[in-house]
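The values are calculated or read from the model by the stated rules, or taken from the named source; none is laboratory data. Worth saying up front: this structure is predicted, and the values here are computed from it rather than measured. Because the Cβ atoms are built from the backbone with ideal geometry, glycine has one as well, and the counts that use them run over all protein chains shown.
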Amino acid sequence: MAKKKTVFECIECGHQDPKWLGRCPSCGNWNTMEKMTINSGSVSRGSSSANQSPGLSSKGSVMLQDIDISEIPRFGSGFSEVDRVLGGGIMRGSAILLGGEPGIGKSTLMMQIAGSSDINKNTGSSGKVLYISGEESASQLKMRSNRLGVKSDKIEILIESDLDRIINVLDSSKPDLIILDSIQTVVSEEAGKVPGTVNQVKFCGHSLISWSKNNNAAIFFIAHVTKEGVIAGPKIVEHMVDTVLYFDHSNSGIRFVRAAKNRFGSVDELGLFTMESSGLKEVKDPSTLFLIQRDDGMPPGIAAVPVFEGSRALMVEIQALTVPAKSGFSRIYSDRIDNNKVSRIAAVLEKKLNLRFADQDIYVNVAGGMKLNEVGIELAIACALYSARTNIPFSKETAVAGEISLAGEIRPTAHMERRIKTALEMGFKRFIGPVPINTRHALYPKGIYTGSKNISESIKLIFSKQ
C-alpha cells in the first residue's frame, strides 16, 4: 500500500517543498504554497510497459535507425488553416493544448474539427472521435452540433470529469481523436479532491497524454486562460504536450490561431477565421483583410508593408499619430507593436532627420488588430511616424519593407521577393526597401523596386514629391 505524505505546493508553478514557505523559491510569488497530501509510492499510468508506443521495445532502448514511423501519418482537421498551423495536419499520437479567452470559440472550433476531420483517410482506422466534456451537458453539445451542421455519425460524447472513468471509457472505445473540454475540470482522487489545482492538472494531463501516445491517438486539451492572456495552470502542462495553440481575436472580429510551441512544425504560421452564425469560417483570401480601401489619397500617419506570417505574406497598414505631450514627458502607446521597437525607431528619426519626438505622445496601431513583431516592419513604422509628425501623407501606391539599424541603415530582411510579389498583386506600383544583394538584382522588378541605403535616403524617395 502506498504511503501518504504531506507537501506544500505552489499553485502558480507547481514547486513542492516539505515545509510551508511564504514565498515560492521557484517562481517568486508570495502566499502561493498550499498544503496537500500525495501518495509517495504512486506510479503514473503512463509508466506501465503493457502498452508501449509503436516501434519501441519492451526492453527499453532501441536503435534510432530501427524505429518505424511509416505507420504514424498525419490526418486533416477539416480546416486548412488549422492544418497549416499544426505543420500539415494532426499527428497521430500527439497532444495539443488549445487556450483562449472565454467565448472566443474554442468549443465551436473543436466540435467542427470533430465532425470534419478525415481520420480514417490513409490511416486504416475507424475514424472514431470521443468528445469528453466536464463543463456542458450532452443536450448542449447536441444543440451546438445541430447549429454548426456537424456530421455526428462518428462522434461519441462522454460527460465525465473523473479520470478513472475516463480512462475506462478510452480503453473500451479506443478512439482515434480525443477532445477534452476542459483539462481543468478533470479530477483524480490520487491527486486530491479539488479540480483545477496544479497537482490535478499535472497528474490528469500526464495520464491522458500517456494513454494517447501508447494507443496512437491524437488528443486536444481545451484550457482556460488567465486575465493576463496566458494559459491557466502549471507551465509543466505546456512542456508535456507536443503543441500549444493560442486562439485570439482582433477588434475587427478576425480570429487568429497561432502556435506558441510545435514539435511537428513551424511556430510562425497563422490561421485566420471569422465567426458566423453557422460557426467558424476560414479566411480564404487574407490579403485584403488588413488594408482599408480608400477612393482618395492616404491620410497622414499611415504606411503599407507586406509582413511574413509563416509561409505567406500579408499586406497590413501601420498607423501612427503624434500629439504634444500633456504630462510633461512623452509616452508611447502601442499594444500591437512592441513599445521598445517604436521608441528605438523614433530615436533614429530624431537623430538622423532632426525630427523632434521628445515632446510628443506617440500612438502606433496595426489596422485589423494584428500583432506584429518582425523586423521587416521597421521602415514602415519610420515612414508612418515621419508622415504623422510632418503631416505629409504617404503615397497609397507605395509599399515599404526593411530593418533599420541604430546607425540609420536600411538592412535586408527575409523573403523580400515574396513581399514584393504580394505588394504587386495588391495593386501597389512602387516598392522601397534595402539595397538588394547583387546576386538577386534580377529578381527585383525594374522600375518598381528602389533600394535605399539609409533612412534619410528612404524618406527622400518616398516623400520627395509630396
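Of all residue pairs spaced 6 or more apart or on separate chains, those with beta-carbon atoms under 8 Å, a first member in the range 255-270 that is under 12 Å from residue 100 (Cβ atoms) and buried (at least 20 other Cβ atoms within 10 Å of the Cβ) and a second member that is β-branched (Val, Ile, Thr) and modelled with pLDDT of 85 or more are 255/104; 255/274; 257/82; 257/85.
Restricting the range 344-370 to residues that are under 25 Å from the mean Cα position of the chain (by Cα) and in contact (Cβ under 8 Å) with a residue 60 or more places away in the chain, which is surrounded by the fewest Cβ atoms within 10 Å (Cβ to Cβ)? In this case the residue turns out to be 369.
The condition of being buried (at least 19 other Cβ atoms within 10 Å of the Cβ) and either over 30 Å from the mean Cα position of the chain (by Cα) or under 26 Å from residue 323 (Cα atoms) (or both) holds for only one of 430, 389, 419, that being 389.
Listed by position, the strands (runs of 3 or more DSSP E) contained in the range 93-180 that have at least 3 residues being more than 21 Å from the chain's Cα centre (by Cα) and surrounded by 22 or more Cβ atoms within 10 Å (Cβ to Cβ) are 129-133. Remark: residue 394 falls outside the filter, which requires a residue to be free of Cβ contacts under 8 Å to residues at least 40 places away in the same chain and part of a loop (DSSP other than H, G, I, E, B). Look through the range 1-23, keep the residues that are touching a strand residue (DSSP E or B) at 6+ places or on another chain (Cβ under 8 Å), closer than 20 Å to residue 238 by Cα and assigned to a loop (DSSP other than H, G, I, E, B), and return whichever of them is modelled with the lowest pLDDT. Residue satisfying both the conditions and the ranking: 11. Give the range 366-382 a look and list any residue that's in contact with a helix residue (DSSP H, G or I) (Cβ under 6 Å, 6 or more places away or on another chain) and more than 28 Å from residue 273 (Cα to Cα), or say none. Passing the criteria: only 382. For the range 304-328, name all the residues that are of a type in the set (D, E, K, R) and at pLDDT below 90. Residues satisfying the conditions are 309, 312, 326. Does the range 374-386 contain any residue that is assigned to a loop (DSSP other than H, G, I, E, B) and within 22 Å of residue 300 (Cβ to Cβ)? Looking for residues that are assigned to a loop (DSSP other than H, G, I, E, B) and within 22 Å of residue 300 (Cβ to Cβ), one finds none in the range 374-386, hence no.
Can you spot a residue in the range 206-227 that is of a type in the set (Ser, Thr, Tyr), part of a loop (DSSP other than H, G, I, E, B), at pLDDT below 85 and under 23 Å from residue 261 (Cα atoms)? The answer is yes, given that some residue of the range 206-227 is of a type in the set (Ser, Thr, Tyr), part of a loop (DSSP other than H, G, I, E, B), at pLDDT below 85 and under 23 Å from residue 261 (Cα atoms). Does the range 181-191 hold any residues that are part of a helix (DSSP H, G or I), farther than 19 Å from residue 218 by Cα and among the β-branched types (Val, Ile, Thr), and which are they? Within the range 181-191, just 185 meets the criteria.
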